[in-house]
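The values are calculated or read from the model by the stated rules, or taken from the named source; none is laboratory data. Everything quoted here is computed from the prediction, not taken from an experiment. As a convention, Cβ positions derive from the backbone with ideal geometry for all residues, glycine included, and neighbour counts pool all protein chains shown.
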Amino acid sequence: MSTKCPFSNDFTYVIFIMDNRTGNTKSPHRLSLAFAKENMGIQSVSLQHYVVGLALLFYPGTGSGDDDFCFQYRLRKNEVDRMNNEEFKNEFVDAVKEALYERGNEVDIKITTVEKMNEGYEAMTVTPEGSNVGMNMNLEVFAEAYESGVPFDEIVEQVTRKIEDHLANMPTFDVAQLTDYEQMKERLSMEVVALDRNADLLAKVPHQEMEDMAVVYRFVVESDDNGRATMLVTNDILDKMGVTPEQLHADALENAPELRPVVIKGMSEVMMEMMGPDAADMFGLAEMPQDEKMYVATVPDKIAGAGVIAYQNFMDEAAERLGGDFFILPSSLHEVLLVRDDGEVNYSDLKAMVEEVNATQVSPEEKLTDSVYHYDSKEHIFELAEKFEARQKDKEADITSEKEEKASVLGDLKAKKDEVAKQPKKETVEKATKNKGEEL
């Protein structure tokens, strides 16, 4: 319990009681013990069942009046209640587990490390008793909320309710089915991620390189209006299923476009959907422009939709929609922008735009790359835009060289022709010889 100092509202002393058998702590939780041990030099004493501590937060008074008799420590209450990150996580997990138990939920909760593309995190993994399927919740999110000033008990209450709701609506998974590749291959999806930022995790998963990106694969276990549950295909999973990376890729190319089809919309249409018809009328977007230059490509649920660029026929279908060559801008992991290459678009400007948006608007965990890509619809080549530009320069150089060579050949032929023209013609020589013979 916590008691205000009788002489000042700024200071407090704290009595805390912790059951050493269960780890349960009465308000204000174990943070009091941690604070006392760290800042006051007070060591806890373990009794048979309880640890009882009296943190008399003492600070010398000013030497005048009743202030001298107050147990005080010049810290605000919220500073006394602050824990460091690790203390928070351990305390939080225990508090959530206790709250769930009190509400009749038997669960196992562990702190685990979740490896995720772009950014892994430390998670609270909640698994119902008797089940091998659970849920992960990012502990860093809750720690940040706590650091921002949200009361500890409030966070526990909100998370407990969320877990209860999830447990009540948790889909039933057939574990045998999850390990049966013949059934799971129809649930294959494809995603693209940055090669450099995911090097460690990519060493553990089957993937194919696509310029400075990697194509990875997921099994979509569950998908509805509330979200989706997926499983990243790892080398271990693939080995246990007895499938080669080549077979996985071939099956993904066949099934992913069926499971998560491509959606391509003009930017004007996207803006109209975002703003609503009234706002669209105001900005003159009620009618779709005939000369749309920018399009958005994703999947129906707009989650990890940038993976559509790895679909077998995507590039040619997009080229038909845009009317020829186009640039690809990695807006995020969830979608890409397609910009018609009409000869007026400057690659350097597109590159600068991508870098600025990624730096200011896109969260690190949703960033794809800072690159710009290009699709040559005539040669059917997808490549980094700088490679396309270099290839075009080489072509122009080859054309110039061919023209110079052709001009040189033509010049040689003309010179030869002029030389021949200067020589006496055969008929003239023969006629001259005949006339000379007749004279004789």
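Of all the criteria given as (1) of a type outside the set (Val, Ile, Thr); (2) modelled with pLDDT of 70 or more; (3) part of a loop (DSSP other than H, G, I, E, B), the one not satisfied by Arg82 is (2). Applying the set (1) surrounded by 10 or more Cβ atoms within 10 Å (Cβ to Cβ); (2) within 19 Å of Ala319 (Cα to Cα); (3) among the charged types (D, E, K, R) to Lys393 leaves exactly one unmet item: (2).
Can you tell me which residue in the range 163-185 is modelled with the lowest pLDDT, limited to those that are more than 30 Å from Asn255 (Cβ to Cβ) and surrounded by 14 or more Cβ atoms within 10 Å (Cβ to Cβ)? This residue is Leu167.
With the structure loaded, tell me whether Glu365 is charged (D, E, K, R), within 16 Å of the chain's Cα centre (by Cα) and modelled with pLDDT of 90 or more or whether it fails that test.
Numbers: charged (D, E, K, R): yes; within 16 Å of the chain's Cα centre (by Cα): yes; modelled with pLDDT of 90 or more: no.
Considered against the rule, which asks whether it is charged (D, E, K, R), within 16 Å of the chain's Cα centre (by Cα) and modelled with pLDDT of 90 or more, Glu365 comes out as no.
Report yes if Glu144 is closer than 26 Å to Tyr217 by Cβ and of a type in the set (D, E, K, R), otherwise no. No; evaluated as a whole, the condition is false for this residue. Contact map, the range 85-97: first residue assigned by TED's automatic domain parsing to the domain that holds Thr125, second residue among the hydroxyl-bearing types (Ser, Thr, Tyr) and assigned to a helix (DSSP H, G or I), Cβ cut-off under 9 Å, separation 6 or more or different chains; pairs are Phe88/Tyr146; Phe92/Tyr146; Ala95/Thr160; Val96/Thr160.
The strands (runs of 3 or more DSSP E) found entirely in the range 188-232 that carry 1 or more residues being surrounded by 17 or more Cβ atoms within 10 Å (Cβ to Cβ) and β-branched (Val, Ile, Thr) are 188-194, 213-224, 227-232.
Quick check on the range 151-164. Is at least one of its residues outside any helix (DSSP H, G or I), without any contact (Cβ under 8 Å) to a residue 24 or more places away in the chain and not aliphatic (A, V, I, L, M)?
The answer is yes, given that some residue of the range 151-164 is outside any helix (DSSP H, G or I), without any contact (Cβ under 8 Å) to a residue 24 or more places away in the chain and not aliphatic (A, V, I, L, M).
Answer yes if at least one residue in the range 231-250 is modelled with pLDDT of 80 or more and in the same structural domain as Phe326 (by TED's automatic domain parsing), and no otherwise. Among the residues of the range 231-250, not one is modelled with pLDDT of 80 or more and in the same structural domain as Phe326 (by TED's automatic domain parsing), which makes the answer no. Of all the strands (runs of 3 or more DSSP E) wholly in the range 289-404, which have at least 3 residues that are over 21 Å from Arg260 (Cα atoms) and not β-branched (Val, Ile, Thr)? Those strands (runs of 3 or more DSSP E) span 373-376, 381-384.
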